[in-house]
Every structure is written in structure tokens, then in C-alpha cells.
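Note sheet for the following structure.
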Amino acid sequence: MNILIFSVILLGSAYMAGLLGSITGLGGGVILIPLLTLIFHVDIRYAIGTALLASIANSSGAATAYIKEGITNIRLGMFLEIATTAGAVVGALIAVFMPVNAIAILLGVVLIFSAAMTMRKKNVHAEQTGSKLSYLLKLNSSYPTPNGEVNYKLKNVGGGFSIMLVAGVLSGLLGIGSGALKVLAMDSTMRIPFKVSTTTSNFMIGVTAAASAVVYLQRGYIDPGIAFPVILGVLGGAFTGARILTMINPTTLRIIFGVAITFVAIEMIYNGLHHQF
């Protein structure tokens, strides 16, 4: 396979990763890392470095559209980034010294969790009473719907902040953005409506990835030849996903995505246990 064919295939694959990552709020890394390691046989640390850059592109592309539409809770995202950024730096430092097979197995476990969280029933109802901390930090907000603005209040802000710290560590360690944990923290713990949790997760993923990408860049684990087509593809997919999110029912997509990721996760765990990385 010559470099041109390799780049075109990578570009197309990254486009689909950005599209699915934008719609589900999981980030494109859950597809990119297995793709690069299992199909293209890229070293997993280089794959993680590339996925972190792709997460930044995916977040930037999707977040721009979501903020313009007024769905993203920017104040909440910036508050939670305190936890995810700190965790991302710690995770990236750990990953540099962690065995490759252990990273692959851990990634497979997280991917299965991500698939389960993708297929579960989402919170679509807005809470009308919030916690004291949500009022103190002015985190309660509203988002537009075809029937007008819907106000919502946040529950258990402290619990959500703690989950975000764990999500940050996994993001730096595995390079996948940890969107599943971010959506879990906002959707289930803080009781935020689905579209708000998804779009705010996309907004946050880029900042979290940027913190850990610096460590991978300093260690030389980012290859421009791989990263360039991936970033272009993911950015295009993110813009497309942001446009179609408001027009489609994501239930079927979540099921297909979840099943595919489960198969990939099993393959990652198998290869990690048999030292095939």
C-alpha cells in the first residue's frame, strides 16, 4: 500500500469516526485507535497521540456549531474542565511508562463500557429543581427545542465533578476523550438533558485532549504523516455530525455503534492478552 492510498483510506475512516463521535458525544478516539492498531498496525502509543489530536479537531468542529445553536452549557463545561484537565495530565504521564498490552486491555474494557453507555436509555427530561451548588455556581441554563426554550437544573454537581476527574485520567491514558464517562456524569449524575450532555461533552473533549497531547508530543509519539489526514477527516465528520444531530433519531445509530465497538473491544482485549501489540 503506497502513501497516497493509505492517506485516502485514513481520511475516509477518520471522517466516519468524527461523524459518530460528534453525534454520540464520545469523541472519535474510540474508533480511531482500534482502526490504527488493528487494521494499519500502528504502534498503540502513536495511535493514542493521533487520537488525541483528532479529539481536539472533533471537539472544535462540533462545539462551534453547538455553541452557535445555544445547546452547549459553556459555563458548566469550563467548570468541569478543571477536573478533566488535571486528570488528563496525570493519565498521560502514567501512559508513557505503562506496558502496551496493559493499555490495550484497559482500552478494550473502557470501549465495552462506552458501548453499554451508548445503548442505554438517555435522560430526556429536564429537572426543575437543582442543587444548592448549581445555583451558587450559576450552572443552571436552558436549551432550544422546536417547542421553545426548555429550562433545566443540575443535581449532584460534586458527584459529577468527581467522575470528570476519572474521565480525565482515562483520556490521557487511552487517548479516547472518555466521552462515555463525561456523558454519564452529566446525564445520569447531574440529570442534564441528552442533547445538552452530548454537546457539552464534545465541547470539553478538545480541552481535555489538548492537556494530554502535549505530553505525547514531547515524547515523540505524534507522527505528522498519520495525524494530518486523520485531523482533516475528523474535522469534516464533526461538522457533518453537528448538522444532522438535530434532524435524526440517534437510537438506531447508538445500537449499531455500540455493537461495532463491542466487537472491536473484544479484539483489543484478546490481542492484549496474547501480547500481539
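The set of residues in segment 164-212 being β-branched (Val, Ile, Thr), assigned to a helix (DSSP H, G or I) and modelled with pLDDT under 75 consists of VAL183 alone. With the condition kept exactly as written, say whether any residue in segment 44-66 is within 23 Å of ILE269 (Cα to Cα) and of a type in the set (D, E, K, R). Checking segment 44-66: at least one residue is within 23 Å of ILE269 (Cα to Cα) and of a type in the set (D, E, K, R). Exactly one residue out of ILE71, ILE56 is in contact with a helix residue (DSSP H, G or I) (Cβ under 7 Å, 6 or more places away or on another chain) and over 15 Å from VAL207 (Cα atoms), and it is ILE71.
Of the residues making up segment 1-34, those that are surrounded by fewer than 24 Cβ atoms within 10 Å (Cβ to Cβ) and at pLDDT 80 or above are ILE3, LEU4, ILE5, PHE6, SER7, VAL8, ILE9, LEU11, GLY12, SER13, TYR15, MET16. All conditions in (1) under 21 Å from PRO229 (Cα atoms); (2) outside any helix (DSSP H, G or I); (3) not hydroxyl-bearing (Ser, Thr, Tyr) hold for ILE71, with the sole exception of (1).
Scanning segment 93-135 for residues being modelled with pLDDT of 70 or more and in contact with a strand residue (DSSP E or B) (Cβ under 9 Å, 6 or more places away or on another chain) gives a total of 1. Being at pLDDT 85 or above, assigned to a helix (DSSP H, G or I) and among the hydroxyl-bearing types (Ser, Thr, Tyr) is a condition met by at least one residue of segment 38-54. Regarding ILE256, is this residue more than 27 Å from LYS68 (Cβ to Cβ), under 14 Å from the mean Cα position of the chain (by Cα), modelled with pLDDT under 75 and assigned to a helix (DSSP H, G or I)? Criteria not met by ILE256.
The values are calculated or read from the model by the stated rules, or taken from the named source; none is laboratory data. None of the values given here were measured: they were computed from a predicted structure. When we count neighbours, we look across all protein chains shown, and the Cβ atoms used for this are built from the backbone with ideal geometry, even at glycine.
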